[in-house]
1. I'm a student and want to see the number: the projected area of the Cα convex hull of the stretch 230-296, averaged over all directions, in nm².
2. Over the stretch 124-191, calculate the relative contact order: mean separation of alpha carbon pairs under 8 Å at least 6 apart, over the residue count, as a percent.
3. Given (i) 29, 59, 12, 0; (ii) 28, 46, 22, 5; (iii) 32, 58, 10, 0 as candidate values of P(r) over Cα pairs in 20 Å bins from 0, in percent, which corresponds to the one derived from the coordinates?
4. Given 10 Å bins starting at zero, what is the percent of C-alpha pairs of the stretch 1-154 in each, up to the one with the largest pair distance?
5. Calculate, for residue 112 and residue 221, the FRET efficiency according to 1/(1 + (r/R0)^6) with r their C-beta to C-beta distance and R0 45 Å; round to the nearest 0.05.
6. When a footprinting reagent is the concern and you count Cβ atoms within 10 Å, what order do 8, 281 take, fewest first?
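No lab work stands behind these numbers, since they all come straight from the coordinates. Note that the structure is a prediction, hence the values are computed from the model and not measured. When we count neighbours, we look across all protein chains shown, and the Cβ atoms used for this are built from the backbone with ideal geometry, even at glycine.
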Amino acid sequence: MTTRTSAIEVVGLRKAFGGREVVAGVDLTVPAGTVYALLGPNGAGKTTTVRILSTLLPADAGEVRVAGYDVRREADQVRASIGVTGQFSAVDELLTGRENLRLMADLGHLGRRGARDMVGQLLERFGLVEAADRRAATYSGGMKRRLDLAMTLVPGPRLIFLDEPTTGLDPRSRRDLWEIVRELVADGVTVFLTTQYLEEADQLADRMGVLDGGRLVAEGTAAELKRRVPGGHIELQAADSEAVAELARRLPRASPNPGALTVTLPHDGSLTALRRLLDGIDGIDDRVVTGLAVHTPDLDDVFMALTGRPTTDERASGGVPV
């Protein structure tokens, strides 16, 4: 089922707890060397999906292959191929940053020289050289998260699961982690990301899926998902009220606003629609239209339209990650 270009393939994935199905027939494919973001409110099934894909939880039904291996029959090979950074840090705060990384190297059976080289490289890459010999308890939240991710990379996985990795981080620390993720993907690593931060998905993901009630209710690029939501429009700035009237005559679907000297038209975000508009105003004196702005729905609009609730809704799970 999985090809060389697919890092993850899932067909008909199902999981229930206490008679409640929290993953209800999910199908998805993640190409190698990309970022796939799984969005959804608390209780949607994101964490359960990650736990199944990373062999931490058995599925009730469905076919799942990760890194080319069947998660049920070849769990050991899957675990040897992946790294997992969960919602809660795996950093031992009693150890230094260097000691945490050396511990992971020992668990991965790296040789002494290989471990030393790997630890040095990761400390440098994650900006932790100066803090390497300080106890992790003294690290900031952003530093602990970077160390946590660095520990995940010690065995050299080509597929990484990041389960809400930037929760609780300040904006600067979040952006630092985004840059690290981009560097990993540039090196050919595949990242499966779950997040409640829609800006994070917009910044990082090549493709994304929206999970709600255990079902994948939408999937695509950010641009594709935004085009599914009404509300996009193009706004033309007119020179004066006469220009507004002329544009309204030339563009039958336009909504003129003489007071603001603007004309607004619905727009689905496609290049075809924009070309059609430009053809419609072709030949108009350049002084009539003084500006043009394209407004498209953002991922917040998409999420609300698809799920009817904000991403941080706790009611579905009672505050328990699902």
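1. 4.0 nm²
2. 36 percent
3. Step by step, P(r) over Cα pairs in 20 Å bins from 0, in percent for this structure corresponds to label (ii).
4. 10, 33, 29, 22, 5, 0
5. 0.50
6. Final ranking by Cβ density, sparse to dense: 281, 8.
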